[in-house]
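The values are calculated or read from the model by the stated rules, or taken from the named source; none is laboratory data. Note that the coordinates shown come from a computational prediction; the quantities given were computed from them, not determined experimentally. Don't worry about glycine lacking a Cβ; one is built from the backbone with ideal geometry, like all the others, and counts go over all protein chains shown.
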Amino acid sequence: MHTIEASNPHREAASDATAELKARTPPGVWLQPALIALVLASAFITCYIGLQRDPTPHHLPVAVVGSNLSEQVQNALGDAVATVPSASAAAAHTALEDRDVVAVLAQEAPGRLALHVAGANGLSTTTAAENLLTAYAHRAGQDLRIADDVPLAAYDARGLAGFYLAFGVTLAGFVLAQNILVLSSRLRLRHRFTVIAASSTAVGLVGAILAGPMLGAVPAPFAPLALTLALLAAAAAFATNLLGSFFGAVGVPMATLLLLTVGNSTSGATIGEDLLPVGAQAVSAALPPGAAVRAITDLSYFGGAHVAPALLTLSLWVLLCAALVWAREAFRRSRLRPGRLLSEMKPS
């Protein structure tokens, strides 16, 4: 006995429409996700591995006590260093403690030089300074004594705490913005801004507590550290929100490329800023992760001597990105309003 199944015209129509839609899908729709993944993977590998292949010092700032010795060092080492002649050892050490230079070289005794470094500048920068000036002392036939006057914290032996802290906070701001973009149709703009501001503040407080008092890896004063991290989270969130608002689905990968890939790899935390290629140096301090790493290091080890430009950079990212998102939303609403009024005026 054969069973005859009744046809459902609605189901058949829906099936035909789905099949027709799939048949008409252009190849670009399928290729876009794959290309984005390929670009991000290539950029991440190129930035993080490529920058560490052969870090070369460029104009490494070194204070040298005595004009004659300064001239000799500059002639011997060329563009690798930028010697800063200092009239006294006290002035040179002040420059080291204020992070104006990365090392101090002085004639300690006949036939013996003294090199003072700031290990807080990071292993790559400190090692580069030590290697260059050890080579100079060897060529000059002099002994060299090395002392670390600004050492890293005991729980940050490799000087990477600032990098991981900045990376984690940037990632938090990025993910926060992703979720805000998903909910943008259900949240008013002022509510979205409120969520970003409140969440960024919370991230800053939690990050400062964990990295500082709890783990002891970042010895910065609590309040300015929390402010720095909150600004970094907000900058990452507003920048991601801006790119997502203007460029749609492609905006989030663009934020990944800008903040998590280029921004963190050129921040100067893993490879010192003076060892980066010229192009990377140009963007390093201008992007939120680089500005934050400089602020964290300055607050932790150098008394905040140069923290103001970094905080200003982070603040500008927050304000400019938020203003552009607000302007776009206002423009979109102004274009929708006349159409809405006309539809309401039409007789039913």
If you take the residues in segment 152-171 that are out of contact with any helix residue (DSSP H, G or I) (no Cβ under 6 Å at 6 or more places or on another chain) and in a helix (DSSP H, G or I), which one is farthest from Gly303 (Cα to Cα)?
Leu171
Any residue that is under 30 Å from Ala63 (Cβ atoms), surrounded by fewer than 24 Cβ atoms within 10 Å (Cβ to Cβ), in contact (Cβ under 8 Å) with a residue 60 or more places away in the chain and within 23 Å of the chain's Cα centre (by Cα) - is there at least one of those in segment 165-178?
no
Looking at segment 100-119, I want the residues that are among the basic types (Lys, Arg) and have a partner that is assigned to a loop (DSSP other than H, G, I, E, B) and surrounded by fewer than 22 Cβ atoms within 10 Å (Cβ to Cβ) with Cβ atoms under 7 Å, at least 6 apart or on another chain. Which pairs are those?
Arg112/Gln142
Candidates Val64, Val73, Val102, Val39 - the one that is at pLDDT 95 or above and within 26 Å of the chain's Cα centre (by Cα):
Val102
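Run down Pro224, Pro219 and say which single residue is out of contact with any strand residue (DSSP E or B) (no Cβ under 9 Å at 6 or more places or on another chain), farther than 28 Å from Thr261 by Cβ and buried (at least 17 other Cβ atoms within 10 Å of the Cβ). Step through it out loud before you land on a result.
On the way: Pro224 fails: farther than 28 Å from Thr261 by Cβ.
Matching residue, one of Pro224, Pro219: Pro219.
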Just wondering, is there one or more residues in segment 239-258 that are at pLDDT 95 or above, outside any helix (DSSP H, G or I) and at negative phi?
no
